[in-house]
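What follows is one structure encoded as structure tokens, with my remarks underneath.
The values are calculated or read from the model by the stated rules, or taken from the named source; none is laboratory data. Everything quoted here is computed from the prediction, not taken from an experiment. Positions of Cβ are generated from backbone atoms using ideal geometry, with glycine treated the same way; all protein chains shown enter the neighbour counts. Surface accessibility is based on the protein's heavy atoms, side chains included, excluding ligands, DNA and RNA. Shrake-Rupley method; radii C 1.70, N 1.55, O 1.52, S 1.80 Å.
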Amino acid sequence: MTMPGFAELDALPTEELRERAFVKARERHDVRFFWSVLKHLPDSDQAAALDGAPNSIGPTVDEAVALWRELEGRDLGEQEPLLRAAFIDYLSRE
């Protein structure tokens, strides 16, 4: 199976790139990839600021849910070009 080239990947919608990259990362159990995506999502700065103390578990869960929704391709905002590049880069690697 040949790997798709940059032009072929770049022609795909962001959601398709995300789906393909996530399938590949899940197959490889590549937590590092998912973490790198999480760090670039719009709400990630707010989520990173939470200390994880027992009394902050509610906001932590809420932020995790918000981040997961963004991982599903919604509300990528200004980060979309960066995430597209990350997805294309990941899909281009063996």
Look at residue 9 and say whether it is modelled with pLDDT of 90 or more, in a helix (DSSP H, G or I), within 14 Å of residue 82 (Cα to Cα) and under 19 Å from the mean Cα position of the chain (by Cα). no
Among the candidates 69, 74, 26, which residue alone is under 18 Å from residue 89 (Cα atoms) and either assigned to a helix (DSSP H, G or I) or modelled with pLDDT under 90 (or both)? 26
Could we say that residue 21 is exposed (fewer than 11 other Cβ atoms within 10 Å of the Cβ), at pLDDT 90 or above and in a helix (DSSP H, G or I) here? no
Residues that are open to solvent by 30 Å² or more (accessible area, probe 1.4 Å), at pLDDT below 85, aliphatic (A, V, I, L, M) and in a helix (DSSP H, G or I), drawn from segment 29-56: 38, 48, 49
